[in-house]
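Reviewing the structure listed below.
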Amino acid sequence: MKDTGLPQQDAQSDFARQRRRRAYSKIASRLRFEPDDVSMMLPFEEVVAALGRRSERDIGIHEIRLDSIVGTVARRHGEFDRNFRPTSPGVRSRWERIATARRRGQTMPPIDVYRIGELHFVQDGHHRVSVARALGDTHIEAHVREVRTALGAESELRLRDLPLKHHERVFHERVPLPAELRGRIKLSDEWRYAQLGTLVEAWGLRASHARGELLSREDIALAWFREEYEPVVEALSEAGIGGQGSETERYMRIAMLRYLLLTSHEGTEAILDRLLHEPLGPSVGEDTMVHQILKEMD
């Protein structure tokens, strides 16, 4: 639709057009069977809690990309979607006033945002962001406060990812690997992060006993990675076994099998060799967890 040259009337058309785009997007998401949270704004406090706050600082006025703004501090989940299209007719009056002012050439003050990693969360200026995106802007001036967190925030982060991120963060607090190695540890299940942490701590206790000294968490983490994790992952890769998923998920299946077998069989290092080179079936016993893991490895 072409502009009429009348700012107020064109602003009304802008709002109606954004509402339609929101409706079309919602229908398309349903047809693609996408989860409901794909288009939802991220809540700032919940993201910070999951990723783990470390520090905060004011970094002043910056020009930021509009598509990096995906969340809210004010918890206005019912007014705009993740792309800042209006989801409620209740924002119409203020939205159209701002759009009219923009079309008349009036300068807008900077918005206020918090930055976490690659993402920005609006504290003040939701309507200005929505109007700017509707008018085709790519950047906006913002007063930025940067929050540093234990885990980073990638552009693909969704609401459903937060529980998993929380467990990932706790795992790295329990197992403080060097930063360059952390990216190797990837699990898609919250429980398995907790279980892996327990397995590493148990490994560290045995390693401390074998060395005759109490190892620090940092020493245990690095020793486990170099002496246990990498060799097992390499052996699984060479043997072409371990099932689907990341290398960590394949490692976890073997580690859990070894643990379960050691609790019901004679504790011998030959068990690991069997796990890597021999098919295991009902002979390992009737433990349902064993069979579940074996099924995952098929």
Review point. Would you call Ala142 assigned to a strand (DSSP E or B), modelled with pLDDT of 95 or more and surrounded by 15 or more Cβ atoms within 10 Å (Cβ to Cβ)?
Key: yes
Review point. Of these, Val122, Val131, Val91, which one is β-branched (Val, Ile, Thr), within 24 Å of the chain's Cα centre (by Cα) and closer than 22 Å to Arg22 by Cβ?
Key: Val122
Exercise for review: Output the residue which, of all residues in the stretch 22-49 that are at pLDDT 80 or above and assigned to a helix (DSSP H, G or I), is farthest from His120 (Cα to Cα).
Suggested key: Ala49
Review point. Any residue at all in the stretch 50-58 that is surrounded by 14 or more Cβ atoms within 10 Å (Cβ to Cβ), modelled with pLDDT of 85 or more, part of a helix (DSSP H, G or I) and assigned by TED's automatic domain parsing to the domain that holds His127?
Key: yes
Point to revise | Hey, Gly267 at pLDDT 90 or above and surrounded by fewer than 13 Cβ atoms within 10 Å (Cβ to Cβ) or not | key: no
Review point. Got a sec? Which of Ala239, Ala207, Ala223, Ala235 is out of contact with any strand residue (DSSP E or B) (no Cβ under 6 Å at 6 or more places or on another chain), surrounded by 15 or more Cβ atoms within 10 Å (Cβ to Cβ) and in contact (Cβ under 8 Å) with a residue 24 or more places away in the chain?
Key: Ala235
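The values are calculated or read from the model by the stated rules, or taken from the named source; none is laboratory data. In this text the structure is predicted, and so the values were computed from the model without any measurement. All Cβ positions, even for glycine, are placed from backbone atoms using ideal geometry, and neighbour counts span all protein chains on display.
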